[in-house]
Amino acid sequence: MNLDSLEQRIAAGEDVHTEFKLWPVNNVSAAESLVAFANTDGGQFIIGVSDDGQMVGVNDPDRVMQWFDNLAYHNCEPPLTVLQEAVRTTDGRTVIVVNVAKGDQRPYRTNRGDYVIRTTSGRRLATRQELLRLFQASDSLYYDETIVLRAALHDIDASLVEHFVERTYSQKLTDLPFDHETFLKNINLLRPGRDAFYPTVACMLFFGRNPQRYMPHAQVAVARIPGFDLSQPPSDAKQIDGTLLDQLEDTGRFLRVHLPTVHRIEGFGNERFPEIPEEALREIVVNALAHRDYTVAAPVRVFIYDNRVEVRTPGGLPNTVTIEAIKLGAAHVMRNPAVYTLFTRWGLVTGIGSGVYRAIRSITEATGSAPVLLQEGNEFVFLIQRPVQNSVGAA
């Protein structure tokens, strides 16, 4: 970083990526700052600058940089590697810039055991939900495999388990030498807790009698909006609850009601030609249900506008996953492996990660426009442009 860049950074003030401190620095506070940057999105800890942006500098730059190297190694767990720069001002002062990258071994904590994150107003301890997401992002914890301590075996619908066994194993559960409780234990959907076996999150989402009793945000919000943005009141809207299979079926029904289907005579029959291929829509909704972040207290949202359809999935992309990789079918990182496995056994996903790629190709061929994939805030958005001749005046 040169002096011009430093001055611009200081003039912009402290934010989620920048913190100023005068030397000397308290080692506990400094470790928290390093950990917070690594746990969030990286940033720069600028030493020798006052809170009001005055470049005071440090007297012994080499000592300061050695001190931060030791701090990052001994007071951060796992140890951090920081890149430091000494920037000289026009009046001969030296400011130290400690560059902290977004960590690839998150979550990090201080040697006192504190997990800290950055915010626009500074830093603070991570909440339980934020900590779950950090562990989940590092693949050290899969939330869908955690147990639901308030639920019990009587919250599981045995008939759904029996139907699953018949569909996936081509035999009745009553023909097997164990009951549905033992079966769920064998496939790790009932797991031991403090004093009993408890259903996992994935178990409740697929076989729960009322999953929303324990996970009220695990639902799909659907709406038909006559217009082009959310400023228009919906002409139809629903909150879709139940198991994930219920949500998939009811969301598909809502889409079929509000997206036109053209009927044409082909050969000897009357064939249906949906505006957007139903197989592609199903793939996108399944993808949202399978890969959403269930630690985020928000539903999957599906909006049908006059000119487009949006499927909005709660949660950022998992580590190493990019939008370009998703488009190419090259991203196959599972945020919820137990949920994904159950969808696979139902025959609703292929298990090789090609579904979104095929959906994109199918939609592009049918509508003439490639879908748009983007990250907006804490939602992943799959946007499908509707064909002009069908979207205008649609129900």
>> Place a point 7 Å from Cα of D91 in the direction of its Cβ. Which residues in segment 34-75 have their backbone N less than 16 Å from it?
In response: 48-59
> Dividing the Cα radius of gyration by the Kirkwood radius, what Rg/Rh value follows for segment 220-391?
Replying inline: 0.95
> Nearest 0.05, what FRET efficiency do R191 and Q375 give at R0 = 35 Å with Cβ-Cβ as r?
Replying inline: 0.60
>> I'd like the FRET efficiency for Q105 and S235, computed as 1/(1 + (r/R0)^6) with the beta carbon distance as r and R0 of 45 Å, rounded to 0.05.
In response: 0.40
>> Please give the charge dipole size of segment 220-391, origin at the Cα centre, charges +1 on K and R Cβ atoms and -1 on D and E Cβ atoms. Round to the nearest 20 debye.
In response: 160
> How would you classify segment 3-126 from its alpha-carbon gyration tensor, with a ≥ b ≥ c the square roots of the eigenvalues: rounded for a/c under 1.5, else prolate if a/b is greater than b/c, otherwise oblate?
Replying inline: prolate
> In a GNM of the chain with a 10 Å cut-off on Cα contacts, which of I304, I323, I360 has the highest mean-square fluctuation?
Replying inline: I323
> So how much slack lies between A12 and T81, counting 0.36 nm per residue of separation and subtracting their Cα-Cα distance, in nm?
Replying inline: 22.2 nm
> How many angstrom lie between the C-alpha centres of segment 1-74 and segment 178-202?
Replying inline: 49
> Can you work out the FRET efficiency for the pair S121 and D52, with r the C-beta to C-beta distance and R0 = 25 Å, to the nearest 0.05?
Replying inline: 0.90
> Using the count of nearby Cβ atoms within 10 Å as a rough guide to exposure, how do L83, L373 rank from fewest to most?
Replying inline: L83, L373
> So which residue, out of A297, A288, A221, gets the largest mean-square fluctuation from a GNM of the chain using Cα contacts under 10 Å as springs?
Replying inline: A297
> Roughly how many debye, to the nearest 20, is the charge dipole of the chain about its Cα centre, given +1 on each Lys and Arg Cβ, -1 on each Asp and Glu Cβ, and no other charges?
Replying inline: 480
> Once the dipole of segment 169-296 is set up with Lys and Arg at +1 and Asp and Glu at -1 on Cβ about the Cα centre, which of G227, N287, T200 lies farthest towards its positive end?
Replying inline: T200
> With each run of n ≥ 4 DSSP H residues scored as -39500 (n - 2.57), what mean residue ellipticity at 222 nm is computed for the chain after dividing by its residue count and rounding to the nearest 500 deg cm²/dmol?
Replying inline: -10000 deg cm²/dmol
>> How high is the relative contact order of the chain? Use alpha-carbon pairs under 8 Å, at least six apart in sequence, and give a whole percent.
In response: 12
>> Looking at segment 83-187, I'd like the Rg to Rh ratio, where Rg is from alpha-carbon atoms and Rh is Kirkwood's inverse mean 1/r.
In response: 1.32
> Which entry in (i) 33, 26, 19; (ii) 44, 22, 19; (iii) 48, 29, 17 is this structure's computed semi-axes √(5λ) of the Cα gyration tensor in Å?
Replying inline: (iii)
> What trypsin sites (Lys or Arg not before Pro) in segment 110-184 are in a loop by DSSP, with at most 15 other Cβ atoms within 10 Å of the Cβ?
Replying inline: R112, R150, K172
> Dipole size in debye (nearest 20) for segment 3-126 around its Cα centre, Lys and Arg Cβ +1, Asp and Glu Cβ -1?
Replying inline: 340
>> Can you list residues from other chains, or at least 5 along the same chain, whose modelled amide H is less than 5 Å from the amide H of F380?
In response: T313, G315
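Readers should treat all values here as calculations from the given coordinates under stated rules, not as data from a laboratory. Quick caveat, the model's predicted, so the values are computed rather than measured. Neighbour counts run over all protein chains shown; Cβ positions are idealised from the backbone, glycine included.
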